[in-house]
Amino acid sequence: MPHIERTVHVGWDGNLARGAGTLDGESGALARLPFSLPSRIGDPGGKTSPEELLAAAHGGCITMSLAGELTSVEAPPGRLEVACTIVMDEVEGQGHQIVGSRVEIVARVDGVDDATLQAAVERADAGCPFSQLLKRAGAAVTVTARRA
């Protein structure tokens, strides 16, 4: 895989409690995406948060990795439904930290038994840069999968 760089520009107005920001990705896929402290710690109210964006990144990455793993055993998926939940919690002496990521996969795939699916999921997790980043940071990463 080639060297990859992606850039997001962030603007923030106001203090932490009442301020708000926007995210703009250079790709154009994220345009004026709003975020704020209330959307981070409470009701999102139509805005995003860094944790939601990390869940999207981890979920998207492991989904692509699994599609590749299944394709490599000549069983490309018909559909993968993935839910990724990032968990942030207070860690004694360290403040708020990302402590976990839970990935739940429902795979519609023909021609593989459950053992083959689970082996592909393990390889996908091992090959997902976001899974590895989170694990190196000390977060618990759990990945479960079942057939549709």
Original post:
What is the ratio of the Cα radius of gyration of region 70-124 to 2.2 N^0.38 Å, where N is its residue count, to two decimals?
Top reply: 1.58
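Which GluC sites (Glu not before Pro) from region 1-68 combine a DSSP loop assignment with at most 11 other Cβ atoms within 10 Å? Working shown, then result.
Numbers: sites: E5, E26, E51, E52; in loops: E5, E26.
Sites meeting the loop and neighbour criteria: E5, E26.
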Original post:
log10 I(q)/I(0), Debye, Cα-only region 11-148, no solvent, q = 0.12, 0.22 Å⁻¹?
Top reply: -0.58, -1.24
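In whole percent, what relative contact order does the chain give with Cα contacts below 8 Å and a gap of six or more residues? Could you put the intermediate results ahead of the total?
Working: 241 pairs, mean separation 25.8, N = 148.
Relative CO of the chain lands at 17 percent.
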Original post:
Hey, if you put +1 on the Cβ of every Lys and Arg and -1 on every Asp and Glu Cβ in the chain, which of L53, C128, V106 ends up farthest toward the positive end of that dipole?
Top reply: L53
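Pull up the DSSP beta bridges for the chain and report the antiparallel fraction as a percent, rounded to 5.
Details: 22 of 31 bridges.
Around 70 percent antiparallel, to the nearest 5.
What ranking, highest mean first, results for peptides 109-120, 64-75 when packing means the other Cβ atoms within 10 Å averaged over each residue? Provide the component values of the computation, followed by the final result.
On the way: 109-120: 14.7, 64-75: 16.8.
Packing proxy ranking, top to bottom: 64-75, 109-120.
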Subject >> Principal-axis tilt of helix 114-127 within the chain, Cα atoms, nearest 10 degrees >> reply: 40 degrees
**OP:** At 7 Å along the Cα-to-beta-carbon direction for both A17 and D110, put a label point, then send me their distance in nm to one decimal.
**Re:** 6.0 nm
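We did not get these values from a lab; they are worked out from the coordinates using the rules stated. Note that the structure is predicted; figures quoted are calculated from it, not measured. Positions of Cβ are backbone-derived with ideal geometry, glycine not excepted, and every protein chain shown enters the neighbour counts.
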